[in-house]
Structures are given as C-alpha cells and as structure tokens.
1. How would the stretch D:250-321 be classified by its alpha-carbon gyration tensor: rounded, prolate or oblate, with rounded meaning a/c under 1.5 and the a/b versus b/c comparison settling the rest?
2. Mind listing, in residue-number order, the residues in the stretch C:179-226 that have at least 30 Å² less accessible area with every protein chain present than in their own chain alone (1.4 Å probe)?
3. I'd like the trypsin sites (Lys or Arg not before Pro) in the stretch B:150-254 restricted to DSSP loop residues with at most 16 other Cβ atoms within 10 Å, sorted by number.
4. For the pair B:GLU104 and A:ASP21, what calculated FRET efficiency results from E = 1/(1 + (r/R0)^6), where r is the Cβ-Cβ distance and R0 = 25 Å, to the nearest 0.05?
5. In deg cm²/dmol and to the nearest 500, what is the mean residue ellipticity at 222 nm of chain B if only DSSP H runs of at least 4 residues count, each as -39500 (n - 2.57), divided by the residue total?
6. Please report the Cα spread of chain D along all three principal axes, rounded to whole Å, starting with the longest.
7. Ratio of the stretch C:212-359's C-alpha Rg to 2.2 N^0.38 Å, to two decimals?
8. Residue farthest toward the positive end of the dipole of the protein assembly as shown, with Cβ of Lys/Arg at +1 and Asp/Glu at -1: which of D:THR253, C:ALA175, A:ALA101?
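The values are calculated or read from the model by the stated rules, or taken from the named source; none is laboratory data. Values in this document were obtained by computation on a predicted structure and should not be read as measured data. Note that each Cβ is placed from the backbone with ideal geometry, even for glycine, and that neighbours are counted across all protein chains shown. With ligands, DNA and RNA removed, areas are computed over all heavy atoms of the protein, side chains included. Shrake-Rupley method; radii C 1.70, N 1.55, O 1.52, S 1.80 Å.
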Amino acid sequence: MLELEGVRAGYDEIEVLHGVDMHVDEGEIVALIGSNGAGKTTTMRTICGILSPSHGRITYRGEEIHTEPSHEIVERGIVQVPENRDLFTNMTVIDNLLLGAQTDEAIANREENLAEMLDLFPRLEERKKQRAGTMSGGEQQMLTLARALMGEPDLLILDEPSIGLAPHLVQEVFDVVEEIHEQGVTVLMVEQNVQQTLQVADRGYVMENGRISMTASGSDLLEDESVVEAYLGV
Amino acid sequence: MTNMDHQSPERDGETLLTVEGVGKRFSGLQALQDVDMTVNSGEIIGLIGPNGAGKTTLFNCISGAFPPTSGTVTLEGNVISGLPAHKVARAGLARTFQITRPLEELTVVENAMVGAHIHTRRRQEAREIALENLEFVGLSDRAEEEAGELTVGAQKRLELARAISTRPKILLLDEIMAGLTPQESNQMLGLFRQLRERGTSLLIIEHDMKAIMNISDYVKVLDQGQGIAFGKPNEVVEDDRVIEAYIGGFDVDA
Amino acid sequence: MSTLDSVRESYQTFDDQRFAPLVKGVVLFTLLAALPFIIEIDVAGMELAATLSLKVLILTVIYAYTAQSWNIMSGYTGQFSFGHAAFFGIGAYATQKLLVDFAINPWLGMLVAGIIAALYGLLIGALSFRFNLKGHYFALATLAFAELLRFVVTNMSELRGANGYFKPFPRDYGAEYGLVAFQFQNDLPYYYVILGFLLVVTVISWAIKNSWVGLYFFAIREDERAAASVGVPSFRYKLIGVAVSAFFTALGGAYWSMYFNTIRPDTVFALFKNVELLLPAVVGGPGTLIGPIVGSFIVTPVSEVARTTFTNINGLDRIIYGAFLVAIVIYSPRGVVSWPSRARALWNRVRGDTEVSER
Amino acid sequence: MRHLVTSVAPLPLQGGGLGRFIDPFAQFLTDVANMEPVLLQLLAFGLLLGGVYALTALGLTMIFGVMDVINFAHGVFLVVGMYTVWLVSTTVGISPFVGIPIAAVVLFVLGIGVHILTVEPIIEAPQQNQLIATLGVLLIIQSAIEIIFTPDPQQVELSLGSVQVGGVFIPLGQFYALLIALGTMLGVRAFLNRTDLGRKIRGTADNRDGARYVGINVPQINYLTFGIGAALAGVAGGSIALFQRFDPFTGETYLINAFVIVILGGLGSFPGAFVGGLIVGMIQVFGGYYLPGTTSQVLIFLLFIGTLLVKPEGLFGGANA
C-alpha cells in the first residue's frame, strides 16, 4: 500500500533520514519504534508531504507521492495525527472536526461522521463549543485523532498518540486505534509506549540514526533482547 | 527503589551544582515537579528519561533560559536560578542545545570566539582560545568555514567547542550524541573523559543508553516531570520504575 | 588553469593579507573622491554628467551614509528598524533649531543632535527589547516612534510646525561660507563633506565588525539564545547598536539640513524616508561593509535619473522605482554583494563542477 | 462642524508651556461635568468615523493573520476603491452605491494579481523583503493613479444632506458609509464562521501546519485571502468616497491608522478591529475638537506604542473572529 525506498530527508542542510526503506500493507497495523532523535517524526512528516525527500521515492498504491504537496496526499487518503497535535487552538471543537474533512467524499459524509465522532469520544460532545486550546492534553489528543478520522483515511498515521497522557487515557487511545483498524483502516504508528504498541501491531520497524535497523512481527520484537537494548542499553 | 541519597558519602568531590525542589509550570502543564539533584566537581552525571519527561525543561531552568516556577538552583553556593542566561554562563555554567544552534553565518572559529570573549575583549586572544578548543574537538581544519555549512556531527562538536571556550566549571550537554555515527559518538565520549580530567563537571542528557551507562558516574532518571531514581548506572537499570517508564505497560503501574 | 582562475587565485592571495581591507578601502574612497571628475570625462561626445549630476552623486553618498548607519543596528544585530527617519529628522531639526534660534555652529549642533537621537534610540530600544518585541511588531513599533515625532513636530510652534526651518545665511551665525559654516557656494565641497562622513562611519563600522562588539552583534543576530548561553548580554549590546546607529543617522539628517534650504516634518520625518534611509543596505546586502555603498549606487541614481528623465509624466519615475524594489527583493533577497559568489556558483555549475553547493 | 471628521489643516500649536497639554483635557472634563450637548455630537461623529475605520483595518488584519505579511499596499488599495467608485459614478453614471461592489470585484482581482506576482514568491523570505515588496506595489499603483487621474483631489458627486436626531447632526453620506461598513463586517464574519472556505481561512490563520495536515491547500488559501483582503479595502475605500474628497496619496494616513487598529484590536480579531476602529475614530474626533492641530494623531501613536509594548496581542488577542 505504502512504500518508502531509500528515502533521505531532513531540515535545511541537515539530513536526518539517511535512506529509509519500509512498507505498509493494506489492513496492517505497523509500528515504528526507536529512541529519540532516530528520525521517526521526520519519517512521518516526509510521508505526508510536510517535508520533501532529497533522495529516494515514496509510493502509495503504486503511484509516486513524494513530489506532491500535503493536500494532495490527504486527497489520496493518507491522514496524520501529528506529534505536536497542531490543532486549531483558537477554534471550537466542532470547527476543528469539520476542518478535518477536506476531500469531496469526507465532506459528503461530514455530518454523519461528526455524529459518529461525538459518539465515539463523549468528552468531545461535552465540549463541542469550547475552544480547542482550552482543553486538557488528553482531550486535545482525542480531538486530534477525531479530526484525522473526519478525513476518512485509508491509511492513518499516528505520531506518538499517547504522549503525555495518563495511563487510563493511553488505554483509551489504543482501544480507539484497534476499533478503527477493525473498520478496515490501515495504521502506521510511532509510539514511545513500546509494549502496548507491539501488542497490537502486526509488524514493527526499529529505527536507529535515520535508518531502519530491524523489522519483525510485533510479538517477535517484543521478545527480542535488542528492543530492550535499544531503549535501555543493557 | 534506588532513589538513594544524593549526598551519599561514597561520592567524591565538592558539591558544585545543587538543584533543590525545582518545578516548572507552563500554562496548565506541570512540566517539572520538585526535582532535586546535585553535581559534584569532576563528576559526569547522566540525565535520562523517556520522551516528554522534562529533561530539557530542567536544563532550561538550570541554564537560565527561563526561571523555574519553584525551587532554587545554586552554583558553588551562589543562587543562579532566576538569573538571565548570559549571567549563568558568566558564573561558569555552559550548555549545548538538543537541536544545534550554530551561529550560521559566522565562521566556525568565530562561533567559538563568541564563547571565548567572556574572558577577554582582545580579538587575538579570543581567537587563540577558540582555535585551541576547535583543535580539541577536531574542527581546527574547518575553522574558516561558515558554521551553517557543517554537518550535524560537526555542528555538535562546534557547540561543544563554543561552550568550553567559556571555560565552564560545569557543562550541560543536551543530546549531543543524537544523530552521530558510532565512531563520532565514541570520539565524543573520549572528549567527555578528557574534559573531566581537566576538572569540568558534566551533566548529560542522552538517549544512547549504551553510551550514557558507560560514561556516567551517576544517573538521574526523570519521568513525567519527576525524579524517579538516582544511582550508579548498573543499579538504575535494574529499577522496576525505570524499566516501566521506558518499556511501558500498565500492570506494574502505580 | 585558465587566466580567469589565475587572476582569482592571485586576488585570493592578496585578500588573505592583513592590509587587504585597508588597500580596498583606499581604492574605493579614492575612486569615490574622483567621481565628480570622472562623470565629466567626455567619452565619444557623451559625458556621464549629462545624466549623473553632482547633485545625484551627493544624494547617492547621503543614502550610502544613512544605510551604513542603519546597518550598524539592523544589519549587524538583526533588529530590523523601520523608523530611522526618527533619528534622521532629529538630526535635521536639532541642528537647525540650535542654529536658527541660538546661532550655535552646525558642527557643534550636529553633535548635540546626535546625542539627542542616541537617547531617543535608547528609549525605543529599552522599551522594545525589554518587552521583547520581535519581527513585524518591532518594525511597526520603530515606525510608530518615527511617525509620532512627525506629528509632534508638526504641532509644535517651537519647531515652527508644518512650515519647518529655512536654513540661515552663514553671516546669521557669525561665519562665512566655508567648512566652518558648513555652507558652501557650490556643490563640490558638499560632496567631499558627505564623503568624509561616509568614510568615518565606514571606518567605525569596520572597527566594530573587527572587535568583540561586532562579534557579539552578529551572534545576537544569528541566535540570541545561543549567544546568551555563552555569556553574551544581548540586551545591553542591542542598546549599544541602536545608540550608535541613531547617532550617526542623526548626523546624516544634520548634513541634509545644511545641504538643502528647507526642512519640514513632511520631508525629513516622511513615512517614505524610513524606507529611503535603509534601502541601499537591503539592496546591497545587510550586514556587510560594502553593501550599503554599492546598494546606494544602484538605488539612488535609478530613482534620481528616472525623476529627471521623466519630468513630463509626473509619477512615472516612482513606477519604475517601485518595480525596481519588487524585482530586487524577489530576485536578490540576500543583496547585490552576493552576486559575485552566486555568479561563481553558476559558472562552476555550467562547467560541471559538482562540489559547489546550491546556495 | 463638518471639519471635525475630515482631516484638520495642520496649524502649529500655540506656545504656552505645559498649559497647552493640560488645558484641553481640563476643558474636556468640564464639558463632561456640564454634560455639554457637543459631547453627544462628538460621540456620533466618532461612531460614524470609527465604523469606517474598522472596515479599513479588516482586510489588513486578515492578510496579517493568515500569512503573517504586513501589506503596505493596503492603503493604496483603499484609494483604488475610491477611484473606482468615483469613476463609475462620474463617467458611466452608475450610482456610487452600485460602484462599491464593483470596487470590491476590481480589488479582488487586483489583490490576487499582486499576491501571485509579489508576495507568494517570497512568502518564506525574511519579513523585510515582503515589506519592501508591498511598498514597491504601493508606489507603482499610487503613481499609476496619479498619472491617469492627475494628483488633484476628486469627489463623488453625491449630495445626500443630513438629518438631525435629537439635536445631533448626522451627515447622511457618512451614515450610509457606516451602514455599509457594519453590513460588510457582519457579512465577512458570517462568511468566516459559517462557510467552508471561511473556516479554512480561519484554520490556516490559526495553525498553518495543522492546515497542511488536514489537507487544506494553503497556497490557494493565501491568494484567496489576499484577494478578499484587497476586496475589503475596495469596499472601505468606496464607502469613504461617499463622504470625503481624496487624491492618490490619501491612503497613507488610513494605512497608518489601520496598522494601529490591527494591533490595538488584536491580530486577526474582528471584534478587535471594530473596537480598535472606534477607539481611533473617537480619539480623532474628540482630539480634533479639543486639541489643536493634528495633536490627536500623537495620542493615537502613543496608544499604539503602549499596546505594542504591553499587550502586543491586542485587546482581543488570540480570539479568532
């Protein structure tokens, strides 16, 4: 479905990704793990057209997308929950959700999806007229996720969806991800919460210093010594 | 629990830096809460913790980027918390940044000279100090290039050279090895040891666990803005709370 | 190795010498000093003076001078001032006020004016930097401080309101035409006076650039936080930058008031004056020593020649000037002084040299 | 009393020490204590002027909010609006009220053209470059108007007269201009709050990266915003032309005051623009009455500087629409 081949990218003259190869198949949950600064977020940003790669190519359903601007990539059905959320903080919850729908299809089903989201996240229903910036971190994270779902993604990219959340909220996020996946959405996620992530993931990639250092099924990675090593160095 | 006494008698040297009950609140978010730690002269202390644990925030509170909302930081007995960054630097504490901040359109040697001018207004003298430190980090052959054109690895070394040109008593290094090749990381570790031999204390944030466990005398672990462990590297990695903070899972959660 | 390469190489050898800046400066200023005569040389029946009069040269050097002064603050420390007309106007007004009402010699009056402008600059800087104004907000604040003066002066009878000052005759303040009176009966001495001003501010700029002050200025411009982390007191040095820059800009205003016959709030404090004063530096290359001078020789004659050429259509000159502004910021955002290196990069790319970076 | 609302001829302030600064305020306070009827009249003038001022700032604040560009050409966009209304009413003979929407369309097209040619290519460049580019545009358009229509002041032939309401004199030209300003502001507010495009514009102003993540075509929003901002200047200019003479250089004062209003009210804030417009309008009207010459403008700048320093986010800072 999505394939990265030899992708190199970075900021200004500083290269962060030194050739990333990975792929995501239809219907999978794929996890990308690795320590801070390994280049996970840069990878996510490059897939979505926020950054453009200097070398290599990214294809989606067989077509090259790495030269396209972000809005065309969203048009193709790839939607991201960015790491720092990037919510429209001065706008209401409803406005944020409505802005999530940009493709013709998503706009056509907008009202329906909106009702569904408010149903899925009761907290958002309670605060729907509130400005997004005034909500708690957990609520904001829910909103970011719901906003992305309003875009009716075929491939949902989650960058640290549970960061800074209380444990019970982390559980809630993972529940939602599984539910979305059951509805047929392919998921690519970056997470700090390695154990939880690898339990739900079909496959995982470990990233180190701007390259993929290993890949295996979620359960295999979880038992792999080197994962523990990657995080604790023991 | 290895949250042992910071002033344990087995630690050598005099107390140089003391962090006492430091907390930092950003509109509604408690980024740091009641953090205590000390660094003695000649020590290398590793500061670790998962993403968002508040490590860089603690660095910023110590180095004067912003004042802590509670608690105090003292350097050699003088309170430095609340002082602007340039005064903290002049008091003998220098730092590097997680995302390098080279003075891009200045040359490499000029970057280091900015640090050296803390001691002298004479350009020639500052240049000599700067070149000496560039030599130390292995950048002297690129002294006349523009700093913005260096690779990440070289920029990290340049930041180190710039910081040590102020001849600090203590050096705060924020993920200086992230993005370096294994050889570069090894060289960096060598530089750390040499700096310690010169009497400079180091407080290091690092994600490369192998490196940090290898080099640190003691390790301080932060999680969600609070100190959860302090101790020798081999003790800390055995700590359940530390493992849980890194690998996650709810079954062991408090 | 081609001849071009060997020429470049020998230039490089020269450039590495310690005396190189001195030689370059002497050559440049000798050339500038000779300009009034060069433009009169008759080449194949055409002389440059037909279009490029001495008056245009004087204006060109005035704006080179003000841009060089602006550069000290905005080019070096990176604090973009859009209100230097405040200092320029203070220079003109204080000099004339002291001259007309108190018969104080303009050379002395000019220094007083410079100090007043520096104090005003310190006030602007202290407020803006304390409250951490940046980018657009800082530019707008400096503009507001300049516009404020325009209306204050317009409404003060002590400063003759909207009517402004008319420059007195030398005898009115007990002098005769000549250097002491700061008044001459033809333009040539005026040219050398402003050239002298330019020389002074250029030498001072050079001295700043080559001392720790300049290094601190540039460090502040590049990254204030990084600079502070190694002990640069940025607030204090930004204030130094503003004060020095304001002082020299005021001297430019003083010169203006002694060269032209009248000053009014609508001329020396004009909204557009803010742009004219800084434009050569932006066009030439902010932060460089030669940029403001080169920039002024590009910008000012275009404006002046357009004005004298299209006298029959009032306004056409400003259309040309406006189009020129747009073109220059779009095609040369880093200033004209970057052209040689850009040309070299292009040349190298044409030759297939892959080492050269894109920038 | 008409001179109160047009710009006052600059008369030098009479000497007289500190008294000249205190006396006008003392006079004002005395009038307030005596509840002088003139106050009501001034209030009415202030409201009439302030409403139109708010409209002149609206387009500027939108462009500033969405793109972070200070558009110095905004003042001359107002002037284009004035001349458009004047042109259609005097040469073609169409009512100036019909001329105003025409001015909006003309400015919309002109705005998009200016954006594509001069702003979009340097949208990532240092801010001073955008500033100088829009200044260049200002010069070009201003001079073009000067060449085509001469620098002489023009006036829309429209004698609407005035009405008295409870002793307060209201010139109808200005009254209609205020109605147009209020109507336009409400319309734009509804557009931004209730339409999809409006929501996208607000979203882009709020968080550019967020806009890119959800799939908004940001460059397209940029040029549309620039066009709409210019169109609003067209409506504002056209409304001013209903009651005031103008020449190619009229835009300068409006531009400066529009900056003041934008900063005073808070970047991108509609209620802010309205309140800011009223404040500037009131200061100008009351200042014009009590203070000599153009001293009121000094007050406006002091207020401007004070706001920049103490609350640069403005009175309604952050609040979007």
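1. Judged from the Cα gyration tensor, the stretch D:250-321 comes out prolate (a/c at least 1.5, a/b above b/c).
2. In the stretch C:179-226, residues shielded by partner chains: C:ASN210, C:TRP212, C:LEU215, C:TYR216, C:ALA219, C:GLU222, C:ASP223, C:ARG225, C:ALA226.
3. Passing sites in the stretch B:150-254 are B:ARG198.
4. 0.20
5. So the calculated ellipticity at 222 nm is -10000 deg cm²/dmol.
6. Its Cα atoms span 61, 50, 36 Å along the three principal axes.
7. Details: Rg = 19.5 Å, N = 148, 2.2 N^0.38 = 14.7 Å.
Ratio of Cα Rg to 2.2 N^0.38 Å: 1.33.
8. C:ALA175
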